[in-house]
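Okay, so here's the structure we're looking at.
The values are calculated or read from the model by the stated rules, or taken from the named source; none is laboratory data. All figures in this text were calculated on a predicted structure; none of them were measured in a lab. In this analysis, Cβ positions are derived from the backbone assuming ideal geometry, glycine residues included, and neighbour counts consider all displayed protein chains.
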Amino acid sequence: MSFEGKEAPALRELVDWINTKELSFEHYRGTVRFIEFWDHTDVSSMRSCEFTQRLWERYGQTNFVAIGIHTPEYIFEWEPSNVAAAVERFGITYPAALDNNKTNWVHYGNRYIPKQFVIAQDDTVASEHVGEGNEYKIEATIRTLLEREGAELPRPLWSEGSSIVSGITDVSRPLYLGFRQVMGLRKAPTLVPAATRIARDDGGPYDDDIAYLDGEWRQYDEYVEHEGDGEGSLTYRFFASSVFAVITTIREGDRIGIELDEGELPPGTAVPGPLCPGCDGKELDVTYSGLYHLLSLPEPGHHTLTLRVAGPGVRIYVLSFE
């Protein structure tokens with residue numbers, strides 16, 4: 001269902017706002033609005049938010065507003081403090097609202113993340129877009145609407161054909177580790193009930209796109225959790241140049257070991273920063289609940305990733321690749 005040319009549904013039943021006080025849809029009537037549905041554990045949303053932030057910085061002084069509608073995939077994302085922390089990590093300064101009940105997601109007919117809508121001054125949807133790669137079209141639509149008011153605009157950010165998308169499309173699929181969305185898990189363990197479908201690491205060789213777990217892990221609907229007092233590991237063979245993971249922990253001060261092809265990360269591969277705190281080529285600090293950028297390689301290739309934990313409490317939800 002397309003909303004282009006139709007009246008935009010009003011925003012409703014939002015749980016909280018970040019970077020602004022609570023505002024109604026009517027508050028923004030008469031402005032050009034860019035609404036983006038996003039999720040802070042999604043890699044595509046991370047990049048899309050970077051684009052939205054650039055739009056906000058370029059056109060925020062005009063009759064324009066960007067609004068991020070955060071739509072959670074996992075239960076821990078319902079907590080406003082987790083979203084607020086992600087907003088800070090991503091460097092987002094435009095208004096963001098929490099659609100925990102997915103009320104607005106449904107009213108806008110969404111099936112994808114991220115999803116964007118440009119709304120004209122008269123509340124009609126001027127354009128809608130899915131995913132990434134539409135930066136030029138989105139900005140051009142926004143500029144056209146602002147120019148109709150006679151606004152003097154700065155130079156555009158994007159030219160036709162330019163994009164923030166890497167163009168690499170044949171990387172490994174995301175690996176969801178909870179049984180609600182499980183892909184590629186191999187049955188085995190004796191340490192947990194068979195119904196949990198946790199894989200068992202027998203020391204290799206490792207097939208592509210199969211998760212191998214060693215230690216006392218249990219599979220839940222959204223994640224696998226290491227519950228043993230000893231060490232545990234997850235090993236996964238992939239094809240990509242960058243690896244991301246959604247991780248939480250129930251203990252403070254947890255660190256996770258990272259190995260690539262059974263050794264330390266090569267120099268320049270670790271990506272220390274807000275999405276990989278404490279990265280030193282050997283370990284990272286689990287300081288928040290959300291998306292971590294585990295490593296970045298110069299070019300895509302086949303590699304074996306191993307994550308090691310030293311005790312109970314670490315939960316791994318998904319591995320994503322670029």
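Table for the structure above
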item: Matching entry among Lys115, Lys137, Lys102 (being farther than 18 Å from Tyr28 by Cβ, among the basic types (Lys, Arg) and free of Cβ contacts under 8 Å to residues at least 12 places away in the same chain); result: Lys137
item: Close pairs from the range 203-215: first farther than 8 Å from Tyr236 by Cα and charged (D, E, K, R), partner part of a loop (DSSP other than H, G, I, E, B) and at pLDDT below 80, Cβ under 6 Å, at least 6 apart; result: Asp214/Asp201
item: Selected residue (only one of Arg200, Arg180, Arg143 is surrounded by 14 or more Cβ atoms within 10 Å (Cβ to Cβ), farther than 21 Å from Leu294 by Cβ, of a type outside the set (A, V, I, L, M, F, W, C) and at pLDDT below 90); result: Arg200
item: Residue list for the range 118-134, filter: within 18 Å of Glu26 (Cα to Cα) and in contact (Cβ under 8 Å) with a residue 40 or more places away in the chain; result: Val118, Ile119, Ala120, Gln121, Asp123, Thr124, Val125, Ala126
item: Set Arg89, Arg143: member being under 26 Å from Arg180 (Cβ atoms) and among the basic types (Lys, Arg); result: Arg89
item: Filtered residues of the range 128-150 (kept if part of a strand (DSSP E or B) and of a type outside the set (Asp, Glu)); result: His129, Val130
item: Flag if Val309 is crowded, with 19+ Cβ neighbours inside 10 Å and more than 22 Å from Val43 (Cβ to Cβ); result: yes
item: For Arg33: the one exception among (1) free of Cβ contacts under 8 Å to residues at least 60 places away in the same chain; (2) outside any loop (DSSP other than H, G, I, E, B); result: (1)
item: Number of positions in the range 1-14 that are surrounded by 15 or more Cβ atoms within 10 Å (Cβ to Cβ) and either among the small types (Gly, Ala, Ser) or in contact with a Phe, Trp or Tyr (Cβ under 8 Å, 6 or more places away or on another chain) (or both); result: 4
item: Of the criteria (1) without any contact (Cβ under 8 Å) to a residue 40 or more places away in the chain; (2) part of a loop (DSSP other than H, G, I, E, B), which one Leu284 fails; result: (2)
item: Pick from the range 214-252, criterion under 26 Å from Pro266 (Cα atoms) and among the acidic types (Asp, Glu), ranking: surrounded by the most Cβ atoms within 10 Å (Cβ to Cβ); result: Asp214
item: Single residue of Val125, Val118 found to be touching a helix residue (DSSP H, G or I) at 6+ places or on another chain (Cβ under 6 Å) and assigned to a strand (DSSP E or B); result: Val118
item: Qualifying residue in the range 153-161 (condition: under 30 Å from Pro300 (Cβ atoms), more than 20 Å from the chain's Cα centre (by Cα) and at pLDDT 95 or above); result: no
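Here is a yes/no grid of residues against (1) under 20 Å from Gly150 (Cα atoms); (2) of a type in the set (A, V, I, L, M); (3) out of contact with any Leu (no Cβ under 8 Å at 6 or more places or on another chain); (4) modelled with pLDDT under 95:
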{"position": "Leu55", "(1), (2), (3), (4)": "yes, yes, no, no"}
{"position": "Gln61", "(1), (2), (3), (4)": "yes, no, yes, yes"}
{"position": "Phe64", "(1), (2), (3), (4)": "yes, no, no, no"}
{"position": "His70", "(1), (2), (3), (4)": "no, no, no, no"}
{"position": "Ala84", "(1), (2), (3), (4)": "no, yes, yes, no"}
{"position": "Leu98", "(1), (2), (3), (4)": "no, yes, no, no"}
{"position": "Trp105", "(1), (2), (3), (4)": "no, no, yes, yes"}
{"position": "Gly109", "(1), (2), (3), (4)": "no, no, yes, yes"}
{"position": "Val118", "(1), (2), (3), (4)": "yes, yes, no, no"}
